[in-house]
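To start, the structure under review is shown below, and the notes come after it.
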């Protein structure tokens with residue numbers, strides 16, 4: 001019971017810290033950089049910062065040798081479901097589909113989470129905090145490009161929409177106010 005409680009507290013602490021950092025990066029720093037630096041310079045600046053942040057996560061993750069986000073636990077459970085011959089049903093189907101379509105899972109994790117999660121989930125082995133192989137580095141760089149391309153496009157569209165609405169309201173206010 002004590003090990004389960006420790007694992008749960010580690011996950012809650014890690015996931016909360018991870019979420020605060022990521023939401024601050026994605027919803028505060030990213031829009032600010034694109035707005036102040038422009039789309040091109042802002043994009044490349046944020047892509048570089050994203051690379052550094054996620055690489056820092058790997059350094060901390062491998063140094064602490066702790067699964068503070070439940071990534072290794074999830075990989076272990078997926079492998080248990082696949083390897084257990086008595087399992088049938090939706091869980092087995094979902095896990096097999098996810099494992100068969102690594103590219104789709106990789107893109108999903110890159111966009112929905114970040115490059116650290118996408119690559120950590122795709123690393124070989126469970127609970128093997130062994131750094132990044134050459135293959136992992138290629139995946140990491142690809143994930144940085146995918147996630148930042150998606151996020152920059154989303155943020156740019158959002159900023160453009162709000163700029164359009166602001167101009168529309170301002171013009172309306174001047175015409176009738």
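Once the Cβ-Cβ distance of residue 37 and residue 112 is raised to the sixth power relative to R0 = 30 Å, the FRET efficiency obtained is 0.75. Exposure proxy ranking for 151, 172, based on other Cβ atoms within 10 angstrom of each Cβ and starting from the fewest, stands as 172, 151. Label-to-label distance, residue 165 versus residue 52, with points set 7 angstrom from Cα along the beta-carbon direction: 3.3 nm.
Residues 163, 76, ranked from the fewest to the most other C-beta atoms within 10 Å, line up as 163, 76. Of the residues 20, 144, 117, 107, the one with the fewest other Cβ atoms within 10 Å heads the list, and the complete ranking is 20, 107, 117, 144.
Once you reduce the stretch 1-74 and the stretch 149-176 to the center of their Cα atoms, the two points are 29 Å from each other. Only Cα pairs under 8 Å and 6+ residues apart enter the sum, and on that basis the relative contact order of the stretch 2-176 stands at 27 percent.
Just so you know, all these numbers are worked out from the coordinates, no wet-lab data involved. The structure displayed is predicted, hence computed values, not measured ones. Heads up, the Cβs are rebuilt from the backbone with ideal geometry, glycines too, and the neighbour counts pull from every protein chain shown.
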